[in-house]
2 protein chains.
Amino acid sequence: MIETAFPGPASGRPSRSALARAAVAASLLLGLSACVTASPQPRPMPVEPDGGTGATVPPAMQWMYGSGESGASSLQAYDAFRDHVIRVARARPADSVVLAASATLATPVYVPCGAKPLAVMLDVDETAIQNLGYEYDEALNARSYDQERWNRWERTGAAAVAPMPGAVAALRAIRDAGVTVIFNSNRMAANSAQTEAAIEGAGLGPARHGETLYLQNDIGPGSAKDPRRAAVSARYCVIAMAGDQLGDFSDLFNARTLSIPDRRRFATGGRFASLWGNGWFMLSNPVYGPGIRGNFDDVFPADKRWSDPQGGNR
Amino acid sequence: MIETAFPGPASGRPSRSALARAAVAASLLLGLSACVTASPQPRPMPVEPDGGTGATVPPAMQWMYGSGESGASSLQAYDAFRDHVIRVARARPADSVVLAASATLATPVYVPCGAKPLAVMLDVDETAIQNLGYEYDEALNARSYDQERWNRWERTGAAAVAPMPGAVAALRAIRDAGVTVIFNSNRMAANSAQTEAAIEGAGLGPARHGETLYLQNDIGPGSAKDPRRAAVSARYCVIAMAGDQLGDFSDLFNARTLSIPDRRRFATGGRFASLWGNGWFMLSNPVYGPGIRGNFDDVFPADKRWSDPQGGNR
């Protein structure tokens, strides 16, 4: 149990004795039953946790939706987003954080703010909300992503989402600071009412299609988000953006000509390095997206490889 | 290719046309070849990327070690860590961010600073360094975690690690601000020389065992990190901590009596919510650790589930 409960390097595996000590400390000092009563959400009923399918929850979903670690990471990003927006809103910046049409990854140029009202832009899925219901269905039935099923989810799943940790308080504080919150999502324009309901049901609204919510096929066709960013930037000074994928910041990161290692280098090097946490805010999402690609050469640099000296290699 | 390249909801899947547009933009404006030449690391040789085993890179490793998204998330966390430490170091706080022996998750109490010199504490594996070599071997050979193999890695893998994005510059700036950097790892004390070499080889040193590096079996036995935090807190005012697991902040989060949902609630609710990004800094690691656990009831709240109305369930 402990073996599976604590995979990974020793740093991640408290010894049985350590757990025993911690358990004693907890039972003595914590008063868990009271805390459970005080907890915001009732525990789900443990009947057929896997629906009788024998399915298991994929590790990335366990981390993303179940761990305190990912919850803390989301809170950390949203508190930084909130603090940055409130600070920057006081002293109007000359430039927005939206790349201008002439920008490249090598030489970024940003849309100027002028006297435009202030706004922030953020993605919806796994940035503002957690798609718990969809991922539950996908994990329980061991399905891979299906665009048509996702469209049915957009139409019928609004009640089965939750806000990302920290998002509700951060967006409220940002609006209280007089900054407009605009969502930029690749959900379908045809399902705008249900997406408004999902966002507002999670406590993250208001979201009004065409005003504070931009969707796929709004303005430009398809899933490119730059045309929507350009349209919003014509009316607003966008002082911060948040997303779980680089395409939530610029479509240039989705260029097919960009290798996976170069994509990581551009995102973390040169001109963009100082933007993270300082205008661009990344939410960690290992469950899906263009960041989840790559063969051994893409992921592991040739000079950072190791073979167990005791062998046992395939 | 695109199908597998962009799994997940539409928000994560730029259309072919969007990619084509982005590709044109890139080829016209970017001058990739020059950028590749300018990139800090040579591309690995694409010979037998999977060593001929047919193995594939697990999704969590693709995200963690290959994506610009995870690189940006790490940079964001380290820049916030650096800025926080420099700010707090100017105005000495009354309390450290290390929980006192009397603390519980419900009622945290922190070790006072007095006139002690300032320090930060951080974990090593997947906090300061990326264990690229070990994970490469594990993925290539489709191995699960093995404590003995990990020990061989500690002894022989020092050259096959890389710093986490943002770590080198942040730790340098923190030391320049007069704050001591102390590592708290569950690597083995017997391998202290090799762990010092791994940290210093990655550009993150100095690390001196017993002074600025604490390891498993130092002070208390086993993997509990609280005894080492207590010992360091007796000599230093610890103004910030960084880690990829909740046990890098307090062993109370590893209490066996704590359910997975309650562990997430304690980490993200109540007294701890405001500490993330404000004294405690989380690095996202979906590859291993105690955050990667849980059945369907642990991970998906009972009131946030959805079944595809078109059925097709197992």
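Every number in this text was worked out from the coordinates using simple rules, so none of it is lab data. All figures in this text were calculated on a predicted structure; none of them were measured in a lab. Here the Cβ is made from the backbone with ideal geometry for all residues, glycine too, and neighbour counts use every protein chain on show.
Things to note:
- Rounded to the nearest 20 debye, dipole of the range B:217-302 from Cβ charges on Lys, Arg, Asp, Glu: 180
- Sorted fewest first by neighbouring Cβ atoms within 10 angstrom, B:Thr56, A:Thr195 come out as B:Thr56, A:Thr195.
- Cα-based reach from B:Lys116 at 13 Å (exclusive), listing aspartates and glutamates while leaving out same-chain residues under 8 positions away: B:Asp95
- Inter-copy spacing of B:Ser102 label points, which lie 7 Å from Cα along Cα→Cβ, given in nm from shortest upward: 6.4
- Charged-residue dipole, Cβ positions (Lys, Arg, Asp, Glu), the range A:157-314 about Cα centre, Debye nearest 20: 220
- Across all C-alpha atoms in the range B:111-209, the radius of gyration and Dmax reach 14.9, 52 Å.
- Per-residue mean of foreign Cβ neighbours for B:203-209 is 0 (Cβ atoms of other chains, 10 Å radius).
- For the range A:217-267, with +1 on Lys and Arg beta carbons and -1 on Asp and Glu, the positive-most of A:Cys237, A:Gly220, A:Thr257 along the dipole: A:Thr257
- For A:Thr212, A:Thr257, the sequence from fewest to most other C-beta atoms within 10 Å is A:Thr257, A:Thr212.
- Distances between copies at B:Ala231, taken between label points 7 Å from Cα along the C-beta direction, are 6.1 nm in increasing order.
- Counting neighbouring Cβ atoms within 10 Å and putting the fewest first, the residues A:Glu69, B:Glu126, A:Glu200, A:Glu211 line up as A:Glu211, A:Glu200, B:Glu126, A:Glu69.
- Shielding of A:151-158 by partner chains, average beta-carbon count, 10 Å: 3
- Sequence-separation-based contact order of the range B:84-230, relative, with Cα cut under 8 Å and 6+ spacing, percent: 23
- The magnitude of the dipole of the range B:126-173, with charges of +1 and -1 set on the Cβ of Lys/Arg and Asp/Glu and taken from the Cα centre, is near 180 debye.
- Peptide-level mean, for B:160-167, of C-beta atoms on other protein chains within 10 Å: 3
- Take every DSSP beta bridge whose two residues both sit in the range A:120-278; close to 15 percent of them are antiparallel.
- Toward the positive end of the charge dipole of the range A:77-192, with +1 on the Cβ of Lys and Arg and -1 on the Cβ of Asp and Glu, the farthest Cα among A:Tyr134, A:Ala159, A:Ala169 is that of A:Ala169.
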